[in-house]
1. If you go through segment 67-88 one residue at a time, how many are within 21 Å of A43 (Cβ to Cβ) and modelled with pLDDT of 85 or more?
2. Looking only at residues that are of a type in the set (D, E) and modelled with pLDDT of 90 or more in segment 8-26, which one is nearest to P46 (Cα to Cα)?
3. Give the residue that is farthest from T33 (Cα to Cα), with candidates limited to residues of segment 89-107 that are modelled with pLDDT of 85 or more and surrounded by 10 or more Cβ atoms within 10 Å (Cβ to Cβ).
4. Scan segment 40-67 residue by residue and report those that are of a type in the set (G, A, S) and either touching a helix residue (DSSP H, G or I) at 6+ places or on another chain (Cβ under 6 Å) or assigned to a loop (DSSP other than H, G, I, E, B) (or both).
5. Looking only at residues in segment 27-39 that are modelled with pLDDT of 90 or more and outside any helix (DSSP H, G or I), which one is nearest to Q107 (Cα to Cα)?
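The values are calculated or read from the model by the stated rules, or taken from the named source; none is laboratory data. No experiment lies behind these values; they were computed from the predicted model shown. In this analysis, Cβ positions are derived from the backbone assuming ideal geometry, glycine residues included, and neighbour counts consider all displayed protein chains.
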Amino acid sequence: MVPRAGPLGEGVVQRRKAELERDLQAEAAWIGTHFPHLTIEAAVDPGDPIAQLTAAARDAQLTVVGTRGRSGFTGALMGSVSRGVVLRAAYPVMIVPDLKDERLSDQPEPQQQA
């Protein structure tokens, strides 16, 4: 018998959301310093990430998603979320791989999860 985990407490969910929002806002601010003419919208919304990104970006000129490709061979080329967005998108999507690049040396590091 496999033990089942209980539902996450609301406090855990809210704490994790706050951590993600802090990291996301730091990334958005960093991009804004390099590209001040861009309008950047960043949000942490619960739910299916593919559906959320597809719905949120209907009116965008370009949707940019990252990929880390962690799901096997096809994941080596594109992550499941970025692949899902590309397959469902009716608008331009750019996928940016997670690459090491010295031009990104001032990029903020995500905070460690507690």
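1. Step one: list which residues in segment 67-88 are within 21 Å of A43 (Cβ to Cβ), which gives 67-68, 79-82, 84-86, 88.
Adding the requirement that they be modelled with pLDDT of 85 or more leaves 80-82, 84-86, 88.
Total satisfying the criteria: 7.
2. Restricting to residues being of a type in the set (D, E) and modelled with pLDDT of 90 or more, the top hit is E21.
3. Selected residue: A89.
4. A42, A43, G47, A57, A60
5. F35
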